[in-house]
Amino acid sequence: MPDSLNGVVINEFHQNPAGAGQDYNGDGVADGNDLFIELHNTTLSSVDLNGWQLHVYPPGAWAR
């Protein structure tokens, strides 16, 4: 099990294979530029994500 941050874990992250049918970035095309990260709350209560930031390394690596 991954390390937990106040009961929140990164459950999965991946790139959408071309033609998979989901347009995650909203550009109107379902292709390999559609990337996502799924967070999972392992607690039985709400978790406040205000102030959380996601940093991608190297900077701009997911910007296409």
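The values are calculated or read from the model by the stated rules, or taken from the named source; none is laboratory data. Because the structure is a prediction, the values reported are computed rather than measured. Every residue, glycine among them, receives a Cβ derived from its backbone with ideal geometry; neighbour counts consider all protein chains shown.
Looking at 33, 41, which is the one that is surrounded by 13 or more Cβ atoms within 10 Å (Cβ to Cβ), of a type outside the set (A, V, I, L, M) and modelled with pLDDT under 75?
Exactly one residue qualifies, and that residue is 33.
Hey, any hits in the range 46-58 for a residue that's modelled with pLDDT of 85 or more, out of contact with any Leu (no Cβ under 8 Å at 6 or more places or on another chain) and part of a strand (DSSP E or B)?
no
Anything in the range 1-22 that is among the polar types (S, T, N, Q) and at pLDDT 75 or above? List them, or say none.
Once the filter is applied, which keeps residues that are among the polar types (S, T, N, Q) and at pLDDT 75 or above, the range 1-22 yields 6, 11, 22.
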